[in-house]
């Protein structure tokens, strides 16, 4: 049995489907099983209950445990869980202690290592799904307003993260590894706005704002903290110096090229219309 935390999230929902298609038994955790809309083959359970009986592998999404893991790892070990695959972040390669995003993921990675369980840490960079934060602007024809228009990232489709996670949960080939995952191309934010416009059949606009204005906007959002906002803006500023690095890991692990941002935009076009 594979337990998937965050099963209705961007990655978790696709992972549940990938595992079921691979013939795995899946227990999917969600805050509200009644509204989860997950495949009928999945066993549903509540996140706050987290039943671990019969579970041999655990997919751990740390956003579900932003306040801390508590006794989750001790319970998993006592229940006979053998492997933990964690959705970490490429930020974890940054050892700067002021980067709270890196510190959060590294703390959980080290806690998992200390259990003695098998582990794999998936380290994706920017999610293509982050651009869903622009949907209100694009729907209404307003410009997408962001700082650092020359900054380049390699946004990854959440389905590719799920496909990699499924391989690491169902095979032994990637135990003890920390693959950094990316999309197959380096893009600026104006590039992504343009591509979304092409997907929905009408132009979408981009407008540059100052880092100070962006910081104020981010801090006004729920769950955004100063340290996290500052880390995100610093990473964006550093990304203006050249093309983003493209990782080969998605293709190496899944056996096929990663999906382009244009494919992601086509998959999610209705969200922007």
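The values are calculated or read from the model by the stated rules, or taken from the named source; none is laboratory data. Since the model is a prediction, treat every value here as computed from it, not as a measurement. Cβ sites come from the backbone with ideal geometry, for glycine too, and all protein chains shown count toward neighbours.
Return the residues of segment 60-84 that are part of a strand (DSSP E or B) and out of contact with any helix residue (DSSP H, G or I) (no Cβ under 6 Å at 6 or more places or on another chain); say none if nothing qualifies. Spell out the reasoning first.
Step one: list which residues in segment 60-84 are part of a strand (DSSP E or B), which gives 60, 83-84.
Those that are part of a strand (DSSP E or B) and out of contact with any helix residue (DSSP H, G or I) (no Cβ under 6 Å at 6 or more places or on another chain): 60, 83.
On the basis of being touching a residue at least 60 places away in the same chain (Cβ under 8 Å), in a helix (DSSP H, G or I) and over 16 Å from residue 251 (Cα atoms), does residue 204 make the cut?
Details: touching a residue at least 60 places away in the same chain (Cβ under 8 Å): yes; in a helix (DSSP H, G or I): no; over 16 Å from residue 251 (Cα atoms): yes.
So residue 204 does not fit the description; no.
I want to confirm something. Restricting to segment 81-95 and keeping residues that are surrounded by fewer than 19 Cβ atoms within 10 Å (Cβ to Cβ) and modelled with pLDDT under 95, which single residue is nearest to residue 153 (Cα to Cα)?
Per the stated criteria, the residue is 93.
Yes or no: residue 240 touching a residue at least 60 places away in the same chain (Cβ under 8 Å) and farther than 23 Å from residue 11 by Cβ?
Numbers: touching a residue at least 60 places away in the same chain (Cβ under 8 Å): yes; farther than 23 Å from residue 11 by Cβ: yes.
Answer is yes for this residue.
Can you tell me which residues in segment 34-46 are in contact (Cβ under 8 Å) with a residue 12 or more places away in the chain and surrounded by fewer than 17 Cβ atoms within 10 Å (Cβ to Cβ)?
We begin by selecting, within segment 34-46, every residue in contact (Cβ under 8 Å) with a residue 12 or more places away in the chain; these are 36-39, 41-46.
Passing the criteria: 37, 39, 41, 43, 46.
Can you work out which of the residues in segment 233-272 that are buried (at least 18 other Cβ atoms within 10 Å of the Cβ), touching a helix residue (DSSP H, G or I) at 6+ places or on another chain (Cβ under 9 Å) and at pLDDT below 95 is farthest from residue 132 (Cα to Cα)?
Of everything passing the filter in segment 233-272, 235 is farthest from residue 132 (Cα to Cα).
Can you name the residue in segment 4-29 that is over 15 Å from the mean Cα position of the chain (by Cα) and under 13 Å from residue 60 (Cα atoms) and, of all such residues, is surrounded by the most Cβ atoms within 10 Å (Cβ to Cβ)? It would help to see each step written out before you state the result.
Applying the first criterion (over 15 Å from the mean Cα position of the chain (by Cα)) to segment 4-29 yields 17-29.
With under 13 Å from residue 60 (Cα atoms) added as a condition, the list becomes 27-29.
Numbers: 27: 22, 28: 28, 29: 25.
The extreme case among them is 28.
In this structure, does residue 58 turn out to be within 17 Å of the chain's Cα centre (by Cα), under 21 Å from residue 176 (Cβ atoms) and at pLDDT 95 or above?
Numbers: within 17 Å of the chain's Cα centre (by Cα): yes; under 21 Å from residue 176 (Cβ atoms): yes; at pLDDT 95 or above: yes.
Judged against the criteria, residue 58 is a match.
Consider residue 40 against the criteria (1) closer than 25 Å to residue 127 by Cβ; (2) part of a loop (DSSP other than H, G, I, E, B): it satisfies all of them except one. Which criterion is unmet?
Only one criterion is unmet by residue 40, namely (1).
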